[in-house]
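Below: the structure, in C-alpha cells.
The values are calculated or read from the model by the stated rules, or taken from the named source; none is laboratory data. None of the values given here were measured: they were computed from a predicted structure. Here the Cβ positions follow ideal geometry from the backbone for every residue, glycine too, while neighbour counts run over all protein chains shown. Accessible surface areas use protein heavy atoms only, side chains included; no ligands, DNA or RNA. Shrake-Rupley method; radii C 1.70, N 1.55, O 1.52, S 1.80 Å.
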Amino acid sequence: MRDPRQWLSGLTRRAWLIGAAAFFAICLGTALFLMRDTAPAPATIPISQLLDLADQHQIRRVVIADNQLYATAVDGHQYQATKEPQQTVTEQLRRDGITVVVVDRGGGAIGLNSLIALVPLLIILGMIWVMLRRGGPNNQAMSFGRSGARRYGGQNVTVTFDDVAGVDEAKQELAEIVQFLKHPERFRAMGARIPKGVLLVGPPGTGKTLVARAVAGEAGVPFFSISGSEFVEMFVGVGASRVRDLFRQARRHAPCIIFIDEIDAVGRQRGTSVGGHDEREQTLNQLLVEMDGFDLHTNIIVIAATNRPDVLDAALLRPGRFDRRVVLDPPDIRGRQAILEVHARSKPLAPGVDLAAIAQQTAGFSGADLANLLNEAAILAARANKPAIGREELEEGIMRVVAGPERRSRVVSEYERSIIAYHEVGHALVMKALRHALPVQKVSIISRGQALGVTVQAPREDSYLTSRAQLKARLASLLGGRAAEELIFGDVTTGARQDLEAVSDLARRMVIEFGMSDLGIVATPGRDASPLSADLAAQVDRAAMQLIDEAFATARRILSERRDKLVTVAEHLKKVETMSGEELDALLGPDWTVCD
Ligand code: ADP
Ligand code: MG
Ligand code: ZN
C-alpha cells in the first residue's frame, strides 16, 4: 500500500510547482500587459481622415484586420479607423507608398492583445501537461478521479490456494467463487443466484489480502485492488469518482475481482459521526450504487476485507451486497505448522529443524507473524554466513516477532542491570509459583524494542476460555517485577510502567466485561452508548483496585517466601543474560513449591 505520508509530500511538492508556475505566469502576463499599456493608445479617426493622412504621406504603416485599420504615423502616432466591409483600401494605401499588412480573421491589435492574455494560460496548461506526463498514472494530485486500482488492472496474479495455509474452511467457501468466475454459464443455467460481494473477516495478518489474490490466481482473472483508506481523500467527491472509475475499469476486464481492503474506512455506519462525514458517505453510497447496478451477466466479484465487521453500515451487508461472510481465524497449531511449511518452501532449513516444534512455541501468532519469523530467521542465517536456517535462528526469529530485535548497543549501568535482572526474575518466579500461571519460556535482560528486559510466557495452546484463577495469576505475574524491586532495593522504578498499564487494563476488563470481581456481573450500557454512570464507575474502580491489591499481595508473599531463590536466579541471569524455561527449572531445583 502506498504510504499516505509519501502521497502527501508528493502532493505538496506538486502544489508547490503549480504555485510557482502560476506565479511565474502572472508575472509574465503583468509585464506584457504593462508593456502594451505604455504604448500610446491609438486615436480613433474616420476612415476618410486616415486616407487623407495617407495621401499627405503622414502614414508609414497600416495593419488591416477585417474592417479595422491600425495605422502608424511617421511621427509615431497610432490611429485606428473602421472601413466598410466591402471597401478595399489596400491599393490606394500602397500607391501612397505605405506598408500594408493584412491580418486574416480576428482584429489586429485586439487579436494581439488576446494573444498576450493567452500567454499565461498557455504556460500554466503547458506546466500541467508536463507534470501529468511525468507523474504517470499514479500521480494522485492530477488524476483525482482515477482509482489507484488501475495499477493492478490485468495484473497476472500468481498466488494460488497452495500459498494459503491454515484456513481450510475459508478456502472451501471461496472455491465456489473460483468456480463461478471460471464457468459462469454453468451457474446461470441452474438459475443460481451468483454472489456479488464477499466479506472477509479476520484479525490483521490472517491472510485476507492473500486469500483474495489467491481467488483471482486460481480463477485466472484480473485483480483490481484498492484500500478503503485510499478512498478517504481530502476533496469531497473524489472517493465517489474513484469508485466509479474502479468499477468502470473492472467492467471492461470482466470476469475479474475487485478487492477493497479495510472497507471499514468507508463502510462505517452512516450518520454516526457528529457533523457527518460527507466524503465517506458519498463514497459508500457510490459503492452501493455500483454493486446494485450488477446484473445477471456481470462477472465481477467484489471481495472486501475488514477486522471490524461490527462497525460496518448495515446497508453493506444486505442481500445482493456483501452477503457472504468468510471468517479467517488466527491459525491453530496445525495451521501454524502448515503456514510455516508454505513459507519454508523457498528457504533451506538445517537438517533436524522441526517446524512442528516451532508451531508449538508460537501460539497466538498470525500468518503474517509466522512469515515474518521465517524471514527474520533467514536474514540471521544469511548474516552469519550459514548454509541453512537452524533452530537457533528460528528461536531468535520468534523473539524478534514477540518483542522486537535485541538492542545490545543500549548502554546500561551495572546498577540498572541489577534492577532489571531482579525485576524480570520477579515476574518469572511468580509465574513459576502460581499453579494457574502460564509456563515461562524465556527470561532475558537484553533489551528488545521498548523493553529493558523480557520474560516470555508460552501461551496456552489454542485455548478459547480463560478462567478467573488464570487471570488472577496473570495479574500477580505482571506485578512480580515491581514486587521484586521493592523487596530487594527498598525502592521502585519507572521500569514497571508497562506492567502497571497492563494490570489496570486487565483488572478493569475483569470487573466490567467478565464479571469476575466482588461486584459480580456488571450491567453496562451498550458498546456505543453513554459511559458508565458516575456511581457505577466508582464501584468499578474500587473493585478493580481490590483485584490489583490482592494480586500485588500475592506477588509480594511469593517472592518474600522465596527470597533466596530470587537472589540466586537474578545473580545468575546477570551473568548469562538469557535463560530458557528449562535452565530456570534446573536452577530452581526439585524442592520448588507451587501454590494457588
Ligand atoms: P491481512 O490482509 O489479513 O492483514 P495478509 O494477507 O496481508 O493479511 O498477510 C500478510 C502476509 O502474511 C501474507 O502476504 C503472507 O505472507 C502471510 N500470511 C498470512 N496469512 C497466511 C496464511 N494463511 N498462509 C500463508 N501465509 C500467510
Ligand atoms: Mg491485508
Ligand atoms: Zn516488568
With charges only on Cβ, +1 for K and R and -1 for D and E, what is the dipole size of region 438-596 about its Cα centre, in debye, rounded to 20? 120
How much accessible area per residue does region 361-412 have, counting only protein heavy atoms and a probe of 1.4 Å, in square angstrom? 50
Using the per-residue mean of other Cβ atoms lying within 10 Å as a proxy for protection, in what order, highest first, do the peptides 160-167, 221-228 fall? 221-228, 160-167
Hey, what D do you get for region 150-327 in µm²/s if you plug the Kirkwood alpha-carbon radius into Stokes-Einstein at 25 °C and 0.890 mPa s? 150
Calculate one ³J(HN,Hα) per residue across region 76-88 by plugging θ = phi - 60° into the Karplus curve 6.51 cos²θ - 1.76 cosθ + 1.60, and present them in order as whole Hz with x for glycine and proline. x, 5, 10, 10, 10, 9, 10, 10, 5, x, 8, 5, 10
Within 11 Å, Cβ to Cβ, of V159, how many net charges do the neighbouring residues add up to if Lys/Arg are +1 and Asp/Glu are -1? -2
Report the label-to-label distance for E176 and A553 in nanometres (one decimal), using points 7 Å from each Cα along the Cα→Cβ vector. 5.7
Whole-percent carbon and sulfur contribution to the accessible surface of region 44-103 (1.4 Å, no ligands, DNA or RNA) stands at 47
Apply the Kirkwood formula to region 333-403: the hydrodynamic radius equals the inverse of the mean of 1/r over all pairs of different alpha-carbon atoms; give it in Å with one decimal. 11.7
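How many percent of the accessible area of region 189-230 is carbon or sulfur, using a 1.4 Å probe? Show your work: numbers first, answer last.
On the way: 810 of 1350 Å².
Carbon and sulfur together cover 60 percent of it.
Per residue, how much accessible area does region 44-103 have with a 1.4 Å probe, in Å²?
58
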Whenever you get a sec, compute what percent of the accessible area on region 414-588 sits on carbon and sulfur atoms (1.4 Å probe). 52
Solvent-accessible area per residue, Å², over region 539-596 with all protein chains present [probe radius 1.4 Å]: 55
Show me the ranking of peptides 193-203, 413-423, 175-185 by mean Cβ neighbours inside 10 Å, starting with the highest. 193-203, 413-423, 175-185
Proximal charge balance of V511 [Cβ under 15 Å; K/R count +1, D/E count -1]: -1
Report the percentage of all Cα-Cα pairs in region 414-588 whose separation exceeds 23 Å, rounded to a whole percent. 42
Just list whichever of K182/K347; K386/K442; K208/K386; K208/K442; K347/K386 have alpha carbons separated by over 23 Å in the model shown. K182/K347; K386/K442; K208/K386; K208/K442
Neighbours of A469 by Cβ distance under 15 Å: Lys/Arg at +1, Asp/Glu at -1, summed charge +3
